[in-house]
Every structure is written in structure tokens, then in C-alpha cells.
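First up is the structure itself, then whatever we jot down about it.
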Amino acid sequence: MKMRMNQAIVSAFADEMRLDPSVMLMGEDIAGAGGPFKTSEGLLDEFGPMRVRDTPISEMGFTGAAVGASALGLRPVVEIMFMEFLGVALDQLVTEAAKFRYLSAGQVSCPLVIRASVGSGLGFGSQHSQTLENWVSSTPGLKVVTLSGPQSAYDLMRSAIQDPDPVIVLEPRVLYGERGEVETGDSRVKPLGQANVIQAGNEVTIVAMGQTVRTSIEATAQAGIDAEVIDLATLVPWDRATVFESVKKTGRLVVIEEAPESGGWGGGIVAAVASELFTSLKAPPIRITTPNVPVPYGKSLEVKFLPSADATAAILKEFLETNTAPAPWWISEGFVK
Amino acid sequence: MNKEAFTKETALQRRAKLREGLRPQYERMMEIRTLENSVNELFAGGSIAGTTHLCLGQEALDIGIALALKPTDVVSATYRSHGIALALGMLPMEVMGEILGKTVGCTGGVGGSMHLCDMSVGLLPTSAIVGAGYPVAAGAALAFQNLGQSHVALAMAGDGSTNIGAFHEALNLAAIWKLPVIFVIDNNVYGEYSRINVTTPIEDLYLRGASYDMPSVVVDGMSVEAVEDAIAAAAERARSGEGPTLIEAKTYRFAGHSRADTAPYRPEGELESWAERDPIKVMRKRLLQDKVMTQEEIDQVSIDADKYVSELVQFLTKEPEPEISAMFDHIWAQDRVS
């Protein structure tokens with residue numbers, strides 16, 4: 001069935017809530033209003049106000065409540081409207097939820113899902129447009145996934161809800177309206193930690209996540225490159241086997257990140273490939289990232305900030321021709337020394 | 001002594017024992033007092049790493065809570081939790097073993113002094129973050145409400161915790177959702193190294209419940225009976241669907257905040273004046289008045305507690321430290337990190 005990504009999310013919730021009475025949703029404006037991005041539309045009517053709860057603007061409070069609720073038998077799914085709002089609730093996630101199993105010797109688990117809209121491209125400005133994976137990716141005990149479209153949203157959301165540990169689901173806001181064919185049903189549920197090879201190829205391996213998956217497909221088509229595109233899907237724990245197998249075949253790795261260069265998630269993947277597959281490489285593994293600046297508002301600025309298909313195509317061509325790492329645009333164009 | 005000597009009773013049995021009367025309640029208070037004094041000495045002697053937070057002076061509060069709640073209720077507590085853990089029934093071996101970083105500790109030695117847990121008597125993982133337990137308890141209560149269970153969740157933390165957002169957000173949530181939760185402020189006058197008047201515009205913290213339209217009471221935290229009555233009434237309200245209660249227990253922190261802090265910042269005479277109301281003293285007076293125990297029997301409890309704790313420490317000293325593999329357990333549901 002064709003649906004938009006936000007509809008696929010609703011569909012995943014509805015299927016999980018029918019299957020398991022302990023699944024519940026909470027967040028700001030998710031019940032009566034159906035969610036600011038329409039990711040819970042109609043669910044209040046079907047499941048009632050106990051299982052679909054509007055919260056006050058109180059992220060620390062309701063994220064913490066999800067921790068306690070998950071410890072005592074519920075499977076809460078918490079909506080953080082914009083990823084930045086998790087900042088005021090981070091303690092409950094990284095210091096409580098992530099440690100409960102460890103600090104109880106396995107007596108307590110926190111099967112909760114924290115989902116947040118992320119990313120740039122819609123003009124929301126510096127405090128509503130970051131992806132911020134690295135806020136959560138370096139805390140052992142958490143799992144982190146990023147949706148890349150309608151099918152990915154349905155599959156990963158259901159898997160995240162069924163996962164026995166705390167999972168953070170990052171939802172690129174720019175993709176909520178993207179339509180695509182979605183196969184639904186219990187068979188779509190798979191353990192987290194599996195990357196998807198969405199385009200086979202031989203010259204270069206591109207690892208992408210969230211909206212850079214779409215960018216990668218467009219860029220390789222534009223550049224006419226025989227690239228293997230991998231949607232990493234789960235950042236923690238990331239699928240080493242799939243990435244390594246591909247890089248062994250292609251001999252080249254490009255990671256495309258929607259995040260500042262400093263501390264970005266691609267660093268770990270490039271480092272692992274450089275360290276462990278050095279002799280398989282025909283060129284240095286490279287990262288395409290955003291510059292180390294806050295997400296700017298003005299249209300021309302925001303477009304330039306994010307790796308676009310055009311810019312990525314040009315970088316990929318140069319990389320394949322020279323087998324060397326092209327300088328990032330902010331250096332080659334003289335904005336940063 | 002061998003392990004069997006310290007595992008004769010389960011945590012649940014120890015919990016049930018409290019209900020047998022004042023004598024076992026007093027014995028448990030002395031167990032807490034003696035164990036805490038021992039922790040203090042062991043820390044000073046270098047046997048305990050990092051930090052410790054003693055609950056000396058707060059024994060009545062811990063016992064009162066344990067008496068009023070059922071083992072199926074849950075408690076979310078803090079880094080100052082040795083007392084509540086023992087009161088709820090946790091085995092001294094598992095508490096002291098954890099503090100000493102031994103495999104027989106409740107988390108096998110990966111947690112330490114600030115991290116105790118025993119779900120068999122409802123103790124959630126204690127938190128080292130001030131105020132973090134309030135929303136967690138509200139959430140536990142949310143689970144009870146949604147699952148149609150008649151259990152109650154209780155969060156307890158010090159007076160310093162009422163200035164952090166988590167306290168207010170949890171009270172607000174609990175109030176609007178009528179959650180079966182009890183918030184207990186252990187007002188021991190000091191938040192870390194600062195006296196309450198320096199950090200907080202009011203000293204009667206139960207007043208803070210008013211802005212959440214929450215029934216709020218203040219009790220003498222040095223009296224087991226007063227605490228038990230207040231918690232029992234709040235639990236009753238919670239179980240009958242009437243929602244949360246805020247309880248302020250007036251206690252006094254006889255030790256410093258943590259580690260080697262001797263609290264030189266106390267005003268002169270304050271400690272001495274509170275020492276008159278030491279919960280152990282209060283309880284002894286009651287035991288004698290009610291003729292539950294004689295002075296000789298009371299003295300014997302101290303002797304027995306000293307012997308028990310010193311044998312426990314001796315036993316624990318010889319217990320193994322965790323295997324290296326222990327650090328890889330219980331990260332995710334599967335046993336080992338991938």
C-alpha cells in the first residue's frame with residue numbers, strides 16, 4: 001500500500017498496539033491533535049486516552065515517566081517533538097534508562113522508545129534542525145536508529161517497540177511527507193542492527209542514514225557511478241558485517257552524514273574500515289558532512305549547509321577519478337582555513 | 001563465617017519481620033546505624049573507593065516507609081540509600097557486598113555504594129542524580145494505573161532535590177494524571193554542603209505541593225510511627241485512585257554530605273540539638289515506656305549488631321572481586337555487548 005512516512009509510523013503504532021496492550025504513546029499534542037507531524041492521527045479514537053496520552057511541555061518529566069513505566073511492564077513510546085527538546089530530558093535517557101539493566105544486574109529492563117523529529121531542509125533554523133545522533137550514540141545501553149522513508153519507518157518502528165532495550169528513533173522531518181510503497185505485517189519486524197543494501201554496485205560503498213540515503217541514490221544516478229548504497233538504519237549497534245563485506249568488494253568507502261564534521265557518526269565507521277580493511281582499500285575512506293556551524297535559516301544557506309545531491313555527485317566523481325579525499329567545500333571555497 | 005550465615009533469610013522474609021512489632025523495627029534501625037558507622041570506618045580506612053553517603057539520623061524514615069508499603073509496591077531512592085535498602089529487606093550481605101565491590105553485592109560489584117537494587121522487595125535501581133527518581137516513580141505509577149494494578153510507587157529524595165526541574169515536572173504529571181505515587185522529601189536540612197536557607201526560599205517544603213493541588217503533609221521524620229501513618233494514608237489514597245501525595249519528613253543528617261565531609265559548616269549547637277531527637281533515642285524511649293524491651297535487652301541489640309556487622313565485614317573481605325567479564329553483562333538484553 002502506498003503511504004507517506006508519517007502514515008507508515010501511525011500504521012506501525014497501530015499494529016503494535018493491537019498486538020500488545022502494554023504499548024502506549026505519550027508526548028506533546030499527540031492525542032487530541034494527532035501529533036504535530038501527524039504521526040499518531042486516529043490512534044486516540046482507537047486506543048483511548050490511557051494509551052495515547054497528551055503530556056505537558058515537560059520532557060524531563062515524561063521521559064522519566066517512560067523510564068519508570070517501562071521498568072514496571074509498559075512499553076512506552078515517547079515523542080520528542082524536535083530532537084533539541086531531548087536536551088532537557090537527557091539525564092533520564094543516558095543516566096537512568098541506559099543504566100537500569102546494568103545497575104540492577106538484569107533485574108530491571110527499560111523497553112522504551114524515544115522518537116524525535118530531526119534534521120534540516122525545512123527552514124526551522126538553528127534550534128529545530130539538528131540531527132544530534134552523537135548525543136545518544138556514545139552511551140552504552142542505548143540503541144539508535146534513523147528512519148529513511150516509509151518502509152524503513154514501518155519496519156524500524158515496529159522493531160524498536162519490540163526491542164527489549166531503550167531505543168532512540170530519529171525521524172528526518174523532511175521525509176514525513178515522502179510517499180512510497182509499504183508492506184506491513186509482523187514479518188517486517190527484524191532485530192535492530194541490520195543495515196540495508198538498497199542499491200548494489202562495485203566502484204564505491206556509500207554508507208548513508210536518514211535523508212542522506214535519498215541524497216546518495218540521486219547523486220549516484222546523477223554522476224553515473226556504479227555505487228553500492230547502504231542505509232545504515234541502526235547506528236547503535238551498527239552493522240559491521242554488511243559494511244565490511246561491501247567495502248571489501250568495492251575497495252572504497254564514502255560516508256554521507258547530515259551532521260557537523262566534528263564528532264559525527266561517520267568518524268567511527270571510517271576509523272573501523274581504515275583500521276581493519278586497510279589492505280582492501282583502493283582509496284582513503286572519506287566522509288561528506290555538514291560544516292561545523294549551527295544550521296542556518298536562510299534558504300540559500302540551508303541548501304548549501306546540507307550535502308545536496310549535486311554537491312555529492314561532484315565529490316563522488318572527483319573521488320573516483322583521483323582516489324584522494326576531496327577537500328570539503330568550506331575549505332576549497334575559502335570559508336574556513 | 002560462611003555465606004550461609006548471611007543468607008538464612010530472604011529479603012522478603014526480612015521485610016515481613018518488621019511487621020512483628022517494635023523490637024524487630026528497633027533491631028533493623030540498629031542494623032542500619034551499625035552498618036553505616038562501619039561504612040564510615042571502612043571508607044576512612046581506604047577499603048571503600050569513590051564516595052559514600054550515610055543516612056545516619058534517617059533510620060526512622062526508612063523503617064516507616066518499609067512498614068507502610070507492601071513488597072509489591074516500588075521505591076525509587078537515591079545515592080543515600082543504604083538505610084532504605086536494608087529497611088525494605090535487602091540482605092546486609094548484598095548491600096555491604098556492593099559497597100565493597102564484591103561479587104556477592106546486589107549488582108555483583110559493578111554498581112557500588114550509590115547503586116542498590118532488589119526488585120523482590122520493590123527497590124528500583126537507586127540513582128546518583130539528584131531528583132531523577134521523582135519522574136521514574138511517577139512512571140512506575142503510570143504503569144500500575146495502565147495495567148490496572150493496585151500497587152503504589154514511592155520516590156524519596158532529600159530537601160536539595162526540590163529545586164530541580166525533575167521534582168516539579170514529576171509532581172505536575174502525577175497530579176494531572178492522578179497517579180498512584182507518593183513523593184517523600186527527606187528534609188535533613190542540608191543539600192550537599194549547603195544549609196537549606198542558602199538554597200531555598202522556604203524551609204517547609206511540603207508547601208510546594210500546593211501549586212500542584214496535591215495533598216501535602218509534614219511529619220516528624222524521627223518517629224517511625226509518624227512516618228508509617230503518613231505513608232499508609234497516602235498509599236491508601238493512591239490505591240483508591242485518588243492520586244499522589246507529597247510528604248515532607250523532617251529529619252537531620254547526622255553525617256556530612258559524603259565521603260570524609262565532617263560538616264564543619266553547621267551552625268554551633270545545631271547537631272547537638274537534633275541529637276536529642278535521634279530516631280534511635282526516640283525509639284529506645286518508646287520501647288522502655290511501652291515495656292517492649294528492657295534496658296538490658298536494648299543494650300544487647302547494640303552488641304549483637306556490632307558482632308553481626310563485624311563478622312559480615314570479615315566475611316566480605318575474603319569474598320572475591322568481580323571477574324572482568326562482569327563489566328560486559330547486562331548492557332542489553334543479551335548477556336554480552338556485540
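The values are calculated or read from the model by the stated rules, or taken from the named source; none is laboratory data. Note that the coordinates shown come from a computational prediction; the quantities given were computed from them, not determined experimentally. Neighbour counts are summed over all protein chains in view; Cβ atoms, including those assigned to glycine, are modelled from backbone coordinates with ideal geometry.
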(Q) Can you confirm whether A:L175 is among the hydrophobic types (A, V, I, L, M, F, W, C), on the phi > 0 side of the Ramachandran plot and within 12 Å of the chain's Cα centre (by Cα)? (A) no
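Do you know which of the residues in segment B:83-114 that are aliphatic (A, V, I, L, M) and within 17 Å of B:A326 (Cβ to Cβ) is farthest from the other protein chains (Cβ to nearest Cβ)? Break it down into steps so the answer makes sense when it comes.
Start the filter on segment B:83-114 by keeping residues that are aliphatic (A, V, I, L, M), which leaves B:84-88, B:90-91, B:93, B:95-96, B:99-100, B:104, B:110, B:114.
Filter once more, keeping what is within 17 Å of B:A326 (Cβ to Cβ): B:99-100, B:104, B:110.
Values: B:I99: 14, B:L100: 16, B:V104: 11, B:V110: 6 Å.
Restricting to residues being aliphatic (A, V, I, L, M) and within 17 Å of B:A326 (Cβ to Cβ), the top hit is B:L100.
Kindly indicate the residue of segment B:1-55 that is among the polar types (S, T, N, Q) and not in a helix (DSSP H, G or I) and also farthest from B:D306 (Cα to Cα) among those meeting that condition. Show your work before the answer.
Let us first name the residues in segment B:1-55 that are among the polar types (S, T, N, Q), namely B:2, B:7, B:10, B:13, B:25, B:34, B:37-38, B:40, B:47, B:51-52.
Now drop any that are not not in a helix (DSSP H, G or I), which leaves B:2, B:7, B:10, B:47, B:51-52.
Numbers: B:N2: 18, B:T7: 18, B:T10: 21, B:S47: 18, B:T51: 23, B:T52: 20 Å.
Filtering first and then ranking leaves B:T51.
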Q) Taking segment B:92-116 on its own, how many of its residues are under 14 Å from the mean Cα position of the chain (by Cα) and either surrounded by fewer than 24 Cβ atoms within 10 Å (Cβ to Cβ) or polar (S, T, N, Q) (or both)? A) 4
Q: Would you please list the contacts, defined by Cβ atoms under 6 Å and residues six or more apart or on different chains, that run from a residue in segment B:153-175 that is within 12 Å of B:G139 (Cβ to Cβ) to a residue that is modelled with pLDDT of 95 or more and among the hydroxyl-bearing types (S, T, Y)?
A: B:A155/B:S76; B:A155/B:Y134; B:A166/B:Y134; B:E169/A:S58; B:A170/B:Y134
(Q) Here's a check for you: in segment B:119-133, which residue that is in contact with a strand residue (DSSP E or B) (Cβ under 7 Å, 6 or more places away or on another chain) and at the interface with another protein chain (Cβ under 7 Å from one of its Cβ atoms) is nearest to A:F47 (Cα to Cα)? (A) B:L124
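Is segment A:62-76 home to any residue that is of a type in the set (V, I, T) and more than 8 Å from chain B (Cβ to nearest Cβ)? Outline the logic, then answer.
Here is the first cut: in segment A:62-76, the ones of a type in the set (V, I, T) are A:63, A:67.
With more than 8 Å from chain B (Cβ to nearest Cβ) added as a condition, the list becomes none.
Within segment A:62-76, not a single residue is of a type in the set (V, I, T) and more than 8 Å from chain B (Cβ to nearest Cβ).
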Q: Please indicate, with yes or no, whether at least one residue in segment B:70-79 is closer than 23 Å to B:L42 by Cα, at the interface with chain A (Cβ under 10 Å from one of its Cβ atoms) and among the polar types (S, T, N, Q).
A: no
Q.
When you check A:L122 against the structure, is it farther than 20 Å from B:F167 by Cα, crowded, with 24+ Cβ neighbours inside 10 Å and modelled with pLDDT of 95 or more, yes or no?
A. no
Q. Is it the case that segment B:182-199 has a residue that's within 11 Å of B:E248 (Cβ to Cβ) and within 14 Å of chain A (Cβ to nearest Cβ)?
A. yes
Q: Scan segment A:67-85 residue by residue and report those that are assigned to a helix (DSSP H, G or I), without any contact (Cβ under 8 Å) to a residue 60 or more places away in the chain and within 21 Å of the chain's Cα centre (by Cα).
A: A:E84, A:F85
(Q) Looking at the structure I just gave you, is A:T63 hydroxyl-bearing (S, T, Y), assigned to a loop (DSSP other than H, G, I, E, B) and within 24 Å of the chain's Cα centre (by Cα)? (A) no
Q.
Contact list please: Cβ distance under 9 Å, first residue in segment B:2-25 and farther than 21 Å from B:I84 by Cβ, second residue among the acidic types (D, E) and surrounded by 14 or more Cβ atoms within 10 Å (Cβ to Cβ), pairs at least six apart or on different chains.
A. B:K3/B:E319
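Report whether or not A:P140 is touching a Leu at 6+ places or on another chain (Cβ under 9 Å), in a loop (DSSP other than H, G, I, E, B) and closer than 29 Å to B:G112 by Cα.
Details: touching a Leu at 6+ places or on another chain (Cβ under 9 Å): no; in a loop (DSSP other than H, G, I, E, B): yes; closer than 29 Å to B:G112 by Cα: yes.
So A:P140 fails the test.
Is it true that A:G141 is within 13 Å of chain B (Cβ to nearest Cβ), within 26 Å of B:L116 (Cβ to Cβ) and surrounded by fewer than 19 Cβ atoms within 10 Å (Cβ to Cβ)?
Values: within 13 Å of chain B (Cβ to nearest Cβ): yes; within 26 Å of B:L116 (Cβ to Cβ): yes; surrounded by fewer than 19 Cβ atoms within 10 Å (Cβ to Cβ): no.
Answer is no for this residue.
For A:A12, state whether it is of a type in the set (G, A, S), in contact with a helix residue (DSSP H, G or I) (Cβ under 7 Å, 6 or more places away or on another chain) and more than 14 Å from every other protein chain (Cβ to nearest Cβ). Walk me through it before giving the result.
Working: of a type in the set (G, A, S): yes; in contact with a helix residue (DSSP H, G or I) (Cβ under 7 Å, 6 or more places away or on another chain): yes; more than 14 Å from every other protein chain (Cβ to nearest Cβ): yes.
Yes.
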Q: Pick out the one residue from A:L316, A:L306, A:L281 that is over 12 Å from A:V207 (Cα atoms), more than 24 Å from the chain's Cα centre (by Cα) and in contact (Cβ under 8 Å) with a residue 24 or more places away in the chain.
A: A:L281
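Across segment B:138-181, which residue is surrounded by the most Cβ atoms within 10 Å (Cβ to Cβ) among those that are among the β-branched types (V, I, T) and within 17 Å of A:V67 (Cα to Cα)?
Just the residues of segment B:138-181 that are among the β-branched types (V, I, T), to begin with: B:152, B:162, B:164, B:176, B:181.
Right, trim to within 17 Å of A:V67 (Cα to Cα) and you get B:152, B:181.
Numbers: B:V152: 30, B:V181: 34.
Once the filter is applied, the top-ranked residue is B:V181.
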